[in-house]
1. Could you list, in sequence order, all residues of the range 250-277 that are among the small types (Gly, Ala, Ser) and more than 19 Å from Met211 (Cα to Cα)?
2. Take Phe310 and tell me if it is of a type in the set (A, V, I, L, M, F, W, C), touching a Lys or Arg at 6+ places or on another chain (Cβ under 9 Å) and buried (at least 21 other Cβ atoms within 10 Å of the Cβ).
3. Only one residue in Leu57, Leu61 is of a type outside the set (Gly, Ala, Ser) and modelled with pLDDT of 85 or more. Which one?
4. Out of Leu127, Leu108, Leu148, report the one residue that is modelled with pLDDT of 85 or more and surrounded by fewer than 24 Cβ atoms within 10 Å (Cβ to Cβ).
5. Would you confirm whether any residue within the range 52-65 is surrounded by fewer than 16 Cβ atoms within 10 Å (Cβ to Cβ) and of a type in the set (D, E, K, R)?
6. Among the numbered conditions (1) more than 21 Å from Gly149 (Cα to Cα); (2) surrounded by fewer than 24 Cβ atoms within 10 Å (Cβ to Cβ), tell me where Glu389 comes up short.
7. With the range 370-412 as the region, which helices (runs of 4 or more DSSP H) entirely inside it contain at least 1 residues that are over 18 Å from Gln79 (Cα atoms)?
8. Any idea which of (1) within 20 Å of Val396 (Cβ to Cβ); (2) of a type in the set (Val, Ile, Thr); (3) at pLDDT 85 or above is the one Ile343 doesn't satisfy?
Amino acid sequence: MAASRADHVVAVVFADAALIIALSAGFAQVARRCRQPVVIGEIVAGLALGPSLLGLLPGDLPRTLFPPDIRPYLNILSQLGLVLFMFAVGYEHDLGDVRRRGRLTISLAGASILVPFAGGVGVAAVLHPWHRDVDGKAVGLLPFALFLGTAMAITALPVLARILTERRLAGDPVGRLALTCAVIGDALGWCMLAVVVAVVNSSGPWGFLRMVGELAALLAALAGVVAPLARVLAQRAAARADPRDVAPALLTFAVVGLLSCAWATAEIGLHPVFGAFAFGAALPRSSIGRLAPDLGVDLGRFGAILLPVFFVSAGLSVDLGAVGGRGLLEILLIVAVAFTAKIIGAGGAAALSGLGRRRSATFAVLMNTRGLTEIVVARIGLDMGVLDETTFTALVVMALLTTAATGPLLDRLGIPVPSVAPIPATRSPLEAAAPAPTGAPTGAPTGAPTGEDRRLPQKPAR
């Protein structure tokens with residue numbers, strides 16, 4: 001009996017998802033063997049299944065494996081994985097650590113963001129004449145510049161956290177400082193992107209003000225209603241309920257909440273990731289963590305399983321073979337400016353703060369880590385029609401190369417990957433994304449700087 005059309009679609013989606021996840025796992029193992037973050041292997045797998053590699057073979061294999069009528073369903077899977085993962089990122093943000101570290105962290109994070117953002121705006125001013133029109137739609141300089149600036153400014157928090165764990169830098173003062181600055185940059189980056197999306201999607205100034213007002217109302221509800229309610233429910237559950245029932249109930253609460261907030265921001269006109277991230281950041285981790293310590297782990301892991309589908313969805317829009325000479329120049333310019341601006345902004349500010357040459361260089365290299373976050377930003381710009389496929393390709397290549405350069409540069413600074421890097425099974429998929437608590441061991445890693453360079457300047461940190 002022949003399968004119905006609906007059954008055929010379901011079967012192909014499941015087969016494609018299985019192929020993507022299996023191939024990404026294989027590429028991730030290769031990345032580990034090459035001493036690269038897992039996300040490098042997943043990005044490369046996404047590119048390999050698209051026209052950049054698979055499309056070079058006869059038979060138009062990308063279209064055969066991922067037919068156009070199937071791709072919307074794969075996109076839904078990828079968006080589900082993305083919102084689950086972004087909830088975990090928001091849940092792991094520890095903004096209290098930012099307050100504890102004071103002005104030094106704020107100044108370093110500011111320089112790490114502002115200099116590359118300015119570099120991105122400058123590059124946009126140069127490239128905009130080539131991208132005034134995307135699919136017959138006029139694109140203004142302002143949204144184009146804001147997208148490029150935001151993509152260059154953010155440090156990918158999940159990727160950085162994994163590198164710190166693999167290099168045993170999570171307890172090192174510079175590692176914790178870089179992670180805290182990445183938390184600030186991540187939060188500010190999503191705020192900037194929300195403003196950009198609101199500018200692009202709004203119909204005039206009143207439409208923009210309406211979107212900003214609705215977003216402010218949602219954030220106020222999360223801070224003033226949802227967070228206190230979650231704290232009270234957690235306390236009552238701890239006092240009355242069977243402990244075995246508490247964690248599943250909190251997991252259900254988190255899933256319903258993050259999906260509802262993702263829907264709300266999508267209805268406002270923003271991307272669903274904003275709602276998932278905001279809901280995760282609003283939850284009181286100190287209260288919930290005692291009852292459901294693996295809440296972020298469970299949702300983050302499930303999201304991470306589906307993230308390769310997102311990378312393939314992005315890779316289907318990247319065709320390196322069709323870039324051409326002008327596109328190659330654009331890629332080189334974006335990569336060069338993104339790398340240099342981040343190194344100058346982060347490293348220069350660290351040196352001026354008294355960290356010392358080697359510590360400053362380590363901090364700059366860590367802050368230059370990119371990956372998932374930049375591709376999310378670029379994908380939103382592509383879906384909105386602000387970026388064309390050439391600029392999107394350039395940003396994907398930029399994220400790939402700057403992230404891949406982190407490991408070799410840390411090797412040059414004398415911070416190799418230990419032969420056995422313990423990764424506790426109870427940590428979240430962000431790989432220790434939460435900064436170490438005050439008083440945590442701060443032993444220097446193998447090959448760490450010695451002498452006066454071992455300690456961070458203490459006075460500004462207070």
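1. Taking the range 250-277 and keeping what is among the small types (Gly, Ala, Ser), we get 254, 257, 260, 262, 264, 266, 269, 275-276.
Result: Ala254, Gly257.
2. On the way: of a type in the set (A, V, I, L, M, F, W, C): yes; touching a Lys or Arg at 6+ places or on another chain (Cβ under 9 Å): yes; buried (at least 21 other Cβ atoms within 10 Å of the Cβ): yes.
So Phe310 passes the test.
3. Working: Leu57 fails: modelled with pLDDT of 85 or more.
Just a single option satisfies the conditions, and that option is Leu61.
4. On the way: Leu108 fails: surrounded by fewer than 24 Cβ atoms within 10 Å (Cβ to Cβ); Leu148 fails: surrounded by fewer than 24 Cβ atoms within 10 Å (Cβ to Cβ).
Exactly one residue qualifies, and that residue is Leu127.
5. Scanning the range 52-65 turns up at least one residue that is surrounded by fewer than 16 Cβ atoms within 10 Å (Cβ to Cβ) and of a type in the set (D, E, K, R).
6. Exception for Glu389: condition (1).
7. Working: elements: 372-383, 389-404, 406-412.
Of the helices (runs of 4 or more DSSP H) lying wholly inside the range 370-412, those with at least 1 residues that are over 18 Å from Gln79 (Cα atoms) span 389-404, 406-412.
8. Ile343 satisfies every listed condition except (1).
The values are calculated or read from the model by the stated rules, or taken from the named source; none is laboratory data. Given the structure is predicted, the values throughout are model-derived calculations rather than measurements. FYI the Cβ positions are ideal-geometry reconstructions off the backbone, even for glycines, and counts take in every protein chain you see.
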